[in-house]
1. Let me know the shape class of region 154-211, please: from the alpha-carbon gyration tensor, a ≥ b ≥ c as square roots of the eigenvalues, rounded when a/c is under 1.5, otherwise prolate if a/b is greater than b/c, or oblate.
2. Considering only 261, 293, 155, give the residue with the highest GNM mean-square fluctuation for the chain, with springs between Cα atoms whenever their separation is below 10 Å.
3. Order of 47, 210 from fewest to most other C-beta atoms within 10 Å?
4. Could you work out which residue, out of 308, 122, 161, moves most in a Gaussian network model of the chain, that is, has the largest mean-square fluctuation with Cα springs under 10 Å?
5. Can you tell me the Rg and Dmax of the chain, counting just the alpha carbons, in angstroms?
6. What per residue convex hull volume, in Å³, comes out for region 77-171 when only alpha-carbon positions are used?
7. Taking a ≥ b ≥ c as the square roots of the Cα gyration tensor eigenvalues, with a/c under 1.5 meaning rounded and otherwise prolate when a/b beats b/c, else oblate, which class fits region 264-334?
8. No solvent, one uniform scatterer per C-alpha: report log10 I(q)/I(0) for region 203-302 via the Debye equation at q = 0.16, 0.18, 0.25 1/Å, two decimals.
């Protein structure tokens, strides 16, 4: 009996040894398949990983709540796996709140590390506001570049600030909102105006009138000399009680800026119709550059009351209406 048992043991041992490689390969295969499954369905970035989109983590949330937000926003595949990774990295209790932006898909490990150390990924965006831009044009530009920018709220707040939001090149973080934008543009305006305050004071007009005139000059000329000349002409017309008759002021009040004026437009009762109403319009028609602001308060003194630009962009000036009519025939074929 003992001999039989010894023989059976030897037989089983031999079979066990013979199947060792097979078992090892099977275990490796199972582990490999499991690892592939874990990576494909739990670790790797979601297929629709949101790039360049703001992800907001509110303050005061638990690790579980943060992980749920990340799963809902398509940043991680599994909220549970994110919590496990955050715990392994030692960040489960100190996940950083704030706005995050991702420029490339990241697996759950790297997402947990980013949020664990507060690597928000926010880089300043360069935004250029051209000279003469209106608040409506600004709203369009900023709403394209800034995800939290609300153009409707901006227009409500900026409406009384037309002309006082300086046109410049700005650098804003992607999470800047309309309040941040308005504050920055107002501050930039104040800083630029301060550089020409002596000229403004010497000219003697209220700043509000200077800004309105500068906004008109900005649209009427593209170089310093013409701006100063045209400012002189327009101030002369005001001094003589003549209407400015500037197309650009009326165009500002139309739904589509720079649209061709019709006879009906020229007869409209709009307060920006400077063909009908003498003096300056009620407000600026855009944001003037520093050069136009300076031109408005340092106009070239002359007896000119008229001007026109020919097809080559050259401006011609006249002191009389007869002279202006001659120039219209000569340069515009009217």
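1. Oblate.
2. Taking springs between Cα atoms under 10 Å, the residue moving most is 261.
3. Ranked by crowding around the Cβ, least crowded first: 47, 210.
4. 308
5. Rg, Dmax (Cα atoms, Å): 35.2, 138.
6. With only Cα atoms used, region 77-171 gives 127 Å³ per residue.
7. Oblate, because a/c is 1.5 or more while a/b does not exceed b/c.
8. Each listed q corresponds, in turn, to -0.62, -0.78, -1.38.
FYI, it's all coordinate maths here, none of it is from the lab. These figures come from a predicted structure and were not determined experimentally. A quick note on method: Cβ atoms are made from the backbone with ideal geometry, for glycine too, and the neighbour counts reach across all protein chains shown.
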